[in-house]
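Following: one structure in structure tokens, then a few remarks.
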Amino acid sequence: MTAIAYESAAERRGANVARLFVIATISFLTLVDLFATQAILPSLARAYDVSPAMMGTAVNLCTAGMAAAGLLVALFNKRINRRWGVAASLALLAIPTALLALMPDLGTFAALRLIQGIFMSAAFSLTIAYLAENAAPHEVAAALAAYVTGNVASNLFGRLMSAAIADHLGLPANFAIFASLNLAGALVAFFALRHTRPMQEMARPIGEAAWTYAFRQRHLAASFGIGFLILFAFIGTFTYVNFVLVRPPLDLSPMQLGFVYFVFVPSIILTPLAGHVARRFGSRRTIIASLGLAALALPMLLAMKLALVLAGLALVAAGTFFAQATATGFVSRTAGQARGSAGGIYLASYYAGGLAGSIVLGRIFDQLGWPATVAAIAVSLVIGCLLALHLREPHDSAAISDS
């Protein structure tokens with residue numbers, strides 16, 4: 001009996017590890033297009049003969065699509081079958097990605113990035129909904145951590161792949177290969193998300209009261225602002241530092257620029273611990289410490305020594321990703337039955353921050369230079385810490401229903 005029980009426990013552990021790996025893989029293949037293009041920003045700016053700010057805005061326009069799609073999915077998510085929705089979104093994502101390989105004019109390039117963002121966000125949001133509905137309560141935190149870890153991995157390996165492909169095969173080949181990854185993601189999602197529960201009350205839209213409730217709660221409103229500022233700072237840092245790294249005195253080649261993104265390795269290791277740390281020390285302290293760490297690392301980005309810049313980038317990445325994982329868990333945990341609406345608003349705020357960061361910080365970078373850009377990023381992180389002071393975890397979070 002003991003041997004049988006041991007085998008059963010071992011099988012359950014193995015199945016759980018495999019499930020978490022599949023979740024991380026879907027996340028990776030969903031979001032790999034989002035930041036991979038940043039590794040080739042200088043090459044794209046040269047190819048299109050535009051300023052860093054203009055190219056950075058065009059590349060990051062996908063965040064506008066992600067913000068809009070996050071709200072739409074939150075509104076209509078109860079009507080969408082999770083398995084088919086995720087698979088279809090990833091399959092459709094391959095179309096604008098493949099069209100980017102034709103190297104269209106900058107306006108068309110920006111429009112295709114916007115469309116990419118819509119399909120990425122739809123796949124992202126529906127996968128999160130699937131995990132919330134199909135995982136046991138004690139498994140949700142691990143599942144969300146696996147998904148965020150896949151996101152972090154896409155930042156590292158997506159950028160490495162993009163830099164290597166563009167350096168050896170050219171920019172068109174880069175987008176063609178990433179389109180094939182989108183199709184692979186659609187296949188993985190279709191076969192992996194097989195046990196989708198029937199959607200309940202699929203004909204009923206989300207009630208307006210759930211949205212009103214989410215904005216009325218100070219702790220949730222603060223978390224939306226924190227999400228905005230996290231991606232504002234992250235996009236600003238990892239978009240425009242590329243142009244600093246390829247200029248003298250650092251003067252990195254496109255391939256060397258790809259290797260810079262090994263700075264995400266600590267984040268891959270640390271991010272899965274965010275849920276445990278937040279439970280032990282509280283979301284407020286965890287987010288303040290994470291954003292504070294990122295802010296304290298920013299002066300290192302002004303050094304003209306590569307080792308110091310890389311160390312600073314690693315700390316900024318670790319701090320912002322840890323804060324993002326903590327904030328995501330906080331919203332899911334404290335919004336009660338309004339979780340679907342609050343989650344959609346949070347994602348929309350998060351990606352809107354990315355678009356704002358690319359535009360605002362790009363203008364600062366073009367007109368005032370890198371030191372002023374870093375100062376603006378520091379201000380955003382400090383504001384994020386101040387907003388975190390309003391976070392609290394209510395004893396009774398079952399406020400109202402989405403439906």
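The values are calculated or read from the model by the stated rules, or taken from the named source; none is laboratory data. Since we're looking at a predicted model, the values are computed, not measured. Cβ coordinates were reconstructed from backbone atoms using ideal geometry, including for glycine residues, and neighbour counts include every protein chain displayed.
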> Out of all the residues in segment 350-362, is one or more among the β-branched types (Val, Ile, Thr), under 24 Å from Gly150 (Cα atoms) and part of a helix (DSSP H, G or I)?
Replying inline: no
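Being closer than 21 Å to Ile364 by Cα, assigned to a helix (DSSP H, G or I), of a type outside the set (Val, Ile, Thr) and in contact (Cβ under 8 Å) with a residue 60 or more places away in the chain is the requirement here; does Leu41 meet it? Break it down stepwise before answering.
Values: closer than 21 Å to Ile364 by Cα: yes; assigned to a helix (DSSP H, G or I): yes; of a type outside the set (Val, Ile, Thr): yes; in contact (Cβ under 8 Å) with a residue 60 or more places away in the chain: yes.
It is true that Leu41 is closer than 21 Å to Ile364 by Cα, assigned to a helix (DSSP H, G or I), of a type outside the set (Val, Ile, Thr) and in contact (Cβ under 8 Å) with a residue 60 or more places away in the chain.
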> Looking at segment 307-320, which of the residues that are within 17 Å of Gln256 (Cα to Cα) and in contact (Cβ under 8 Å) with a residue 60 or more places away in the chain is surrounded by the fewest Cβ atoms within 10 Å (Cβ to Cβ)?
Replying inline: Val309
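Go through segment 169-186 and count every residue that is touching a helix residue (DSSP H, G or I) at 6+ places or on another chain (Cβ under 9 Å) and free of Cβ contacts under 8 Å to residues at least 60 places away in the same chain. Break it down into steps so the answer makes sense when it comes.
Narrowing segment 169-186 to residues touching a helix residue (DSSP H, G or I) at 6+ places or on another chain (Cβ under 9 Å): 169, 171-186.
Still in the list and also free of Cβ contacts under 8 Å to residues at least 60 places away in the same chain: 169, 177.
Residues flagged as touching a helix residue (DSSP H, G or I) at 6+ places or on another chain (Cβ under 9 Å) and free of Cβ contacts under 8 Å to residues at least 60 places away in the same chain within segment 169-186 amount to 2.
Given segment 248-302, what helices (runs of 4 or more DSSP H) lie entirely inside it while holding 2 or more residues that are farther than 29 Å from Thr334 by Cβ and of a type in the set (A, V, I, L, M, F, W, C)? Explain how you work it out, then say what you get.
Details: elements: 254-259, 265-270, 274-281, 283-297.
Per the criteria, 254-259.
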> Which of the following residues is closer than 28 Å to Gln256 by Cα, out of contact with any Leu (no Cβ under 9 Å at 6 or more places or on another chain) and of a type in the set (A, V, I, L, M, F, W, C): Leu99, Leu169?
Replying inline: Leu169
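Under the condition of being in contact (Cβ under 8 Å) with a residue 24 or more places away in the chain, assigned to a helix (DSSP H, G or I) and out of contact with any Ser or Thr (no Cβ under 9 Å at 6 or more places or on another chain), which residue from segment 100-110 is surrounded by the most Cβ atoms within 10 Å (Cβ to Cβ)? Write out each step before concluding.
Let us first name the residues in segment 100-110 that are in contact (Cβ under 8 Å) with a residue 24 or more places away in the chain, namely 100-103, 106, 109-110.
Among the residues that remain, those that are also assigned to a helix (DSSP H, G or I) are: 100, 106, 109-110.
Those still in the list that are out of contact with any Ser or Thr (no Cβ under 9 Å at 6 or more places or on another chain) too: 106, 109.
Details: Leu106: 15, Phe109: 23.
Checking each candidate, the answer is Phe109.
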>> Step by step: first the residues of segment 364-380, then only those that are over 14 Å from Leu296 (Cα atoms) and in contact (Cβ under 8 Å) with a residue 40 or more places away in the chain, then the one that is surrounded by the fewest Cβ atoms within 10 Å (Cβ to Cβ). Which residue is that?
In response: Pro371
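Kindly evaluate Gly340 against the criterion of being in a helix (DSSP H, G or I) and either closer than 27 Å to Phe157 by Cβ or modelled with pLDDT of 95 or more (or both). So that I can check it myself, show each step before the final result.
Numbers: in a helix (DSSP H, G or I): yes; either closer than 27 Å to Phe157 by Cβ or modelled with pLDDT of 95 or more (or both): no.
Against the criterion (in a helix (DSSP H, G or I) and either closer than 27 Å to Phe157 by Cβ or modelled with pLDDT of 95 or more (or both)), Gly340 does not qualify.
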> Is there any pair linking a residue in segment 332-348 that is of a type in the set (Phe, Trp, Tyr) to one that is in a helix (DSSP H, G or I) and modelled with pLDDT of 80 or more, with Cβ under 6 Å and at least six apart or on different chains, and which?
Replying inline: Tyr346/Phe224; Tyr346/Gly227; Tyr346/Val331
> Going by the structure shown, is Thr97 among the polar types (S, T, N, Q), at pLDDT 95 or above and either surrounded by 18 or more Cβ atoms within 10 Å (Cβ to Cβ) or part of a helix (DSSP H, G or I) (or both)?
Replying inline: yes
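Report yes if some residue within segment 286-309 is of a type in the set (Val, Ile, Thr) and closer than 20 Å to Met66 by Cβ; otherwise report no. Show your work before the answer.
Filtering segment 286-309 for residues of a type in the set (Val, Ile, Thr) gives 286-288, 309.
Applying the additional criterion that residues be closer than 20 Å to Met66 by Cβ yields none.
Taking every residue of segment 286-309 in turn, none turns out to be of a type in the set (Val, Ile, Thr) and closer than 20 Å to Met66 by Cβ.
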> Given the conditions (1) surrounded by 24 or more Cβ atoms within 10 Å (Cβ to Cβ); (2) closer than 24 Å to Ala163 by Cα; (3) within 14 Å of the chain's Cα centre (by Cα), which single one is not true for Tyr261?
Replying inline: (3)
